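The values are calculated or read from the model by the stated rules, or taken from the named source; none is laboratory data. Predicted model, so just to flag it, every value in this text is computed and none were measured. Ideal geometry is used to build each Cβ from the backbone, glycine not excepted, and the neighbour counts take in all protein chains shown.
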Amino acid sequence: MFKKLGILTLAVLMALVAVGGGLVTSKVARAAGEQWIITGRLSSGCENGDTFFSQKFVGLVPGDVYYADTIVKDFAGVVYMDEYFSTVAPGALDGDWGVFDINARGLQTGSFPLPAGQVLTMTVTLRDASEKVLTSTSVQFTCDGSEANVSSIAGCDALLDVPATAVVGSFVADAPLYWKPGELTSPLVTIPAGKTAWVLGTDDSGGYYKIVWACDMVYVPVSAMGPNYDAVWNGRPLPTSNAD
């Protein structure tokens, strides 16, 4: 358990991708709905390699090339982990996934140890041989906690799986972000009035809207949002059905 690729292993895997100057491809038809899913939490800790999650890959085609893309960030956008590599399935796609001090693409802006008590988001994205997004899963966690809030999404930003009932609303007041109802993000992030966001519905209490913001599904007070009166939405009422 808690295996992780070394630099040499990664180099070998990257070498396997190139055969005769092209990508390794399988003659088997690609399976529908390949997925990378986080299923639970295995360990906690704020140092490099302390926090691990259980995970699984579904529908992969043996012998096909896939890219594993992992980003860990806080709600302010500070990136603590930036891992990106390719492998031939099943390859390095094993049963656990850890949070490591890696800066594969130069996106890392934060340093270890991770900040204790601060809500972080890990987004794991599975890509095909052309690096197209197949699926993503986001996990919200604190490095020194034991719980994790997991949600599967179809990608990020424009690729998010926004339900047909969602409506773009407008912020009528500055709104603090909550990672779940009643629990503010740490550090505190405030969305200024005048911004817009997808509104998915309300929480059980009806006091918070669940929204999409910076590739995360988070919450803001209902009083902070109203209809968007632009030429597209024309003041359409925001959804009040439960979104949890």
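A few comments on the model shown:
- Here A92 fits the description: modelled with pLDDT under 90 and touching a Leu at 6+ places or on another chain (Cβ under 7 Å).
- Test result for F57, modelled with pLDDT under 90, over 13 Å from M122 (Cβ atoms) and more than 17 Å from the chain's Cα centre (by Cα): no
- For G110, the conditions (1) at pLDDT 90 or above; (2) touching a Pro at 6+ places or on another chain (Cβ under 9 Å); (3) of a type outside the set (A, V, I, L, M, F, W, C) are fulfilled apart from (2).
- S186 modelled with pLDDT of 90 or more, part of a loop (DSSP other than H, G, I, E, B) and among the hydroxyl-bearing types (S, T, Y): no
- Among residues of region 108-142 being hydroxyl-bearing (S, T, Y) and outside any strand (DSSP E or B), the one that is farthest from G49 (Cα to Cα) is S130.
- The set of residues from region 147-183 being out of contact with any helix residue (DSSP H, G or I) (no Cβ under 9 Å at 6 or more places or on another chain), modelled with pLDDT of 80 or more, exposed (fewer than 14 other Cβ atoms within 10 Å of the Cβ) and not acidic (D, E) comprises T165, G182.
- Test for Y229: is it among the aromatic types (F, W, Y) and touching a Leu at 6+ places or on another chain (Cβ under 7 Å): no
- Filter result (exposed (fewer than 14 other Cβ atoms within 10 Å of the Cβ) and within 20 Å of W233 (Cβ to Cβ)) within region 194-222: G194, K195
- Test for V124: is it outside the structural domain of Y219 (by TED's automatic domain parsing), under 30 Å from Y178 (Cβ atoms) and out of contact with any helix residue (DSSP H, G or I) (no Cβ under 7 Å at 6 or more places or on another chain): yes
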